[in-house]
Each structure stands twice: as structure tokens, then as C-alpha cells.
Amino acid sequence: MNYSPLVLSFKTAAIATVIVFITGVVLARIIGRNSFYGKSVVEAIILLPLVLPPTVVGFGLLYVFGKNGFIGKLLLDWFDFQIVFTWYGVLIAAVVVSFPLMYQSAAAAFQQYDLNVENAAYTMGASKWKVFWTISFPLAWPGLLAGTVLSFARALGEFGATLMIAGYIPNVTDTIPLAIYFAVESGNMDLAKFWVIIIVALGFSAILWLNWWSKRNMMKHSKS
């Protein structure tokens, strides 16, 4: 049994989650706390991958990172490096499709507590950096954790965009969803069932743990 789809999926989902967590928290903090012309348009663009078919997202990535795409052409001309049909394409697809979930969760998390708590800290001379790490981040952590888990699960199950930009290359881009699809295409139903069971178990475990943690956290706060 070749377990490279499992290893590749975990590797991709883990790195993608770290990337979307950092960028999602930063952008949610900056955009959420500032009003500017076109803010609604910016947020609509950020959340667009949530409502678009994955193949459309993949086509967009292929258009940008392909050999004739703006970024793809620059990388090829300057560094002799291409994104298409590589693991980096898998990672980019996972980041793009999971980022909206992290951003949305982070934006909601930073808006769910009373901002007067932060303002009180500012009046006492605390810096923005200190207020963020000692007040904002801890108060928003439950929502941030939920977004992290959901983003990881989404990155783990990404298929359409990955297939468009990275294709199916054994031991290189063969994530679990792609392994399932091509196992069915080749008539290997036993292998397809195996990977289906694995990814369903992983997704179910992530959601089950998140629900358990949320209820436990709510009970802890209600008691206090």
C-alpha cells in the first residue's frame, strides 16, 4: 500500500493552515477595524472562493500561475521555475480555497467581544502589540481555533482546484481526494473505498473535536 497520498495531504493541509492562519488573522484584524472605500468589494473578493466551483478557482490559478500567466511567466523567465504540475500548485490551491474560512472566522472572532476592553488598555498606556497579544488574541481564540480546524479540514479535502493547477502525479501531487478519483477511474474500488474511509474519518474527527471543545469551552465560561 502506497501511503504517499496521506503524507502529502497532511503536509499540504498543515502548511496551508499555518499560512492562512497568519494571513487570515492579520487581514481580519486590519480590514475589520478600518473603514475605507471599497471595503465590501475587498471582502467579497476574499470570500469569493467559498461560492465558486473549485474548478473555476483552479482555472483562475492556472490563468495566473500558468506558463503564460502573469506570475507564472515571471517565475519561468527569471528563475526557470514553474508552479503548474508541482507540489507548490497543490499548496497554493489549498491555501486559496481554505483562506476564506479562516478570514471569516477571524473577522467574526475579533468582533464578538467588547472593544472597550481594548480601549481601556490603551488609555493605561499599553501598546497596540501588547493589547493584541494579551487581550485581543486570547478573547478571539475560540473563534480563531474554529477557523483553524475548518481551514485544515478544507485544505485536506481540496480536489477541483488542485486537479486543475497541479494535475495527478504519483508521489508528487497525489493527495487523498485525487487518489480517490483516479482509483475509481481505473476501476480500483477497494483502494478508493480505503481512501474514502480515511478522509471521512479525518474530517469527522476534526468536526467532532471542534464541537466537543466548543461545548466544553461554553460550559467553562458559564460556570465562571
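The values are calculated or read from the model by the stated rules, or taken from the named source; none is laboratory data. Only a predicted model underlies this, so the values are computations on that prediction, with no experimental measurement involved. Heads up, the Cβs are rebuilt from the backbone with ideal geometry, glycines too, and the neighbour counts pull from every protein chain shown. Each accessible area value is taken on the protein alone, full model and side chains, heavy atoms only, with ligands, DNA and RNA left out. Shrake-Rupley method; radii C 1.70, N 1.55, O 1.52, S 1.80 Å.
Give the residue, chosen from F36, F21, that is open to solvent by 30 Å² or more (accessible area, probe 1.4 Å), of a type outside the set (V, I, T), modelled with pLDDT of 95 or more and on the phi < 0 side of the Ramachandran plot. Steps first, answer last, please.
Details: F36 fails: modelled with pLDDT of 95 or more.
So the residue among F36, F21 that is open to solvent by 30 Å² or more (accessible area, probe 1.4 Å), of a type outside the set (V, I, T), modelled with pLDDT of 95 or more and on the phi < 0 side of the Ramachandran plot is F21.
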Members of the range 115-130 that are within 20 Å of I31 (Cα to Cα) and open to solvent by 90 Å² or more (accessible area, probe 1.4 Å): N116, K128, W129, K130
Close pairs (9 angstrom Cβ cut-off, 6 or more residues apart or separate chains): farther than 13 Å from V90 by Cα and of a type outside the set (D, E, K, R) in the range 52-69, open to solvent by 70 Å² or more (accessible area, probe 1.4 Å) and part of a helix (DSSP H, G or I) anywhere: Y63/F70; V64/F70; G66/K73; G69/Y63
Subset of the range 138-158 that is buried (at least 24 other Cβ atoms within 10 Å of the Cβ), among the small types (G, A, S) and within 14 Å of V96 (Cα to Cα) - its residue that is nearest to the chain's Cα centre (by Cα): S151
Would a scan of the range 10-18 turn up a residue that is in a helix (DSSP H, G or I), farther than 21 Å from G167 by Cα and touching a residue at least 24 places away in the same chain (Cβ under 8 Å)? yes
Looking at G187 and the list (1) more than 17 Å from W87 (Cβ to Cβ); (2) outside any loop (DSSP other than H, G, I, E, B), which single condition is not satisfied? (2)
Going by the structure shown, is T173 among the β-branched types (V, I, T), buried (at least 21 other Cβ atoms within 10 Å of the Cβ) and outside any loop (DSSP other than H, G, I, E, B)? no
Name, by its number, the condition in (1) on the phi > 0 side of the Ramachandran plot; (2) touching a Leu at 6+ places or on another chain (Cβ under 6 Å); (3) not polar (S, T, N, Q) that does not hold for Y168. (1)
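Being β-branched (V, I, T) and open to solvent by 60 Å² or more (accessible area, probe 1.4 Å) is the filter; apply it to the range 1-18 and report the residue that is farthest from A192 (Cα to Cα).
Of the range 1-18, the ones β-branched (V, I, T) are 7, 12, 15, 17-18.
Then drop every residue that is not open to solvent by 60 Å² or more (accessible area, probe 1.4 Å), which leaves 7, 15, 18.
On the way: V7: 16, I15: 25, V18: 29 Å.
Taking the candidates together, the pick is V18.
Check whether at least one residue in the range 25-33 is among the basic types (K, R), more than 24 Å from I169 (Cβ to Cβ) and part of a helix (DSSP H, G or I), and report yes or no. First the steps, then the outcome.
Of the residues in the range 25-33, the ones among the basic types (K, R) are 29, 33.
Filter once more, so that each one left must be more than 24 Å from I169 (Cβ to Cβ): 29, 33.
Then keep just the ones that are part of a helix (DSSP H, G or I); that gives 29.
Yes, because at least one residue in the range 25-33 is among the basic types (K, R), more than 24 Å from I169 (Cβ to Cβ) and part of a helix (DSSP H, G or I).
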Helices (runs of 4 or more DSSP H) contained entirely in the range 61-136, each with at least 3 residues that are among the β-branched types (V, I, T): 87-109
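Looking only at the range 33-47, decide whether some residue is among the aromatic types (F, W, Y) and in contact with a helix residue (DSSP H, G or I) (Cβ under 7 Å, 6 or more places away or on another chain). Working first, answer last.
Step one: filter the range 33-47 for residues among the aromatic types (F, W, Y), giving 36-37.
Filter once more, keeping what is in contact with a helix residue (DSSP H, G or I) (Cβ under 7 Å, 6 or more places away or on another chain): none.
No, the range 33-47 contains no residue that is among the aromatic types (F, W, Y) and in contact with a helix residue (DSSP H, G or I) (Cβ under 7 Å, 6 or more places away or on another chain).
Answer with yes or no whether W133 is farther than 30 Å from Y88 by Cβ, loosely packed, with under 13 Cβ neighbours inside 10 Å and of a type in the set (A, V, I, L, M, F, W, C). Explain how you work it out, then say what you get.
Working: farther than 30 Å from Y88 by Cβ: yes; loosely packed, with under 13 Cβ neighbours inside 10 Å: yes; of a type in the set (A, V, I, L, M, F, W, C): yes.
Against the criterion (farther than 30 Å from Y88 by Cβ, loosely packed, with under 13 Cβ neighbours inside 10 Å and of a type in the set (A, V, I, L, M, F, W, C)), W133 qualifies.
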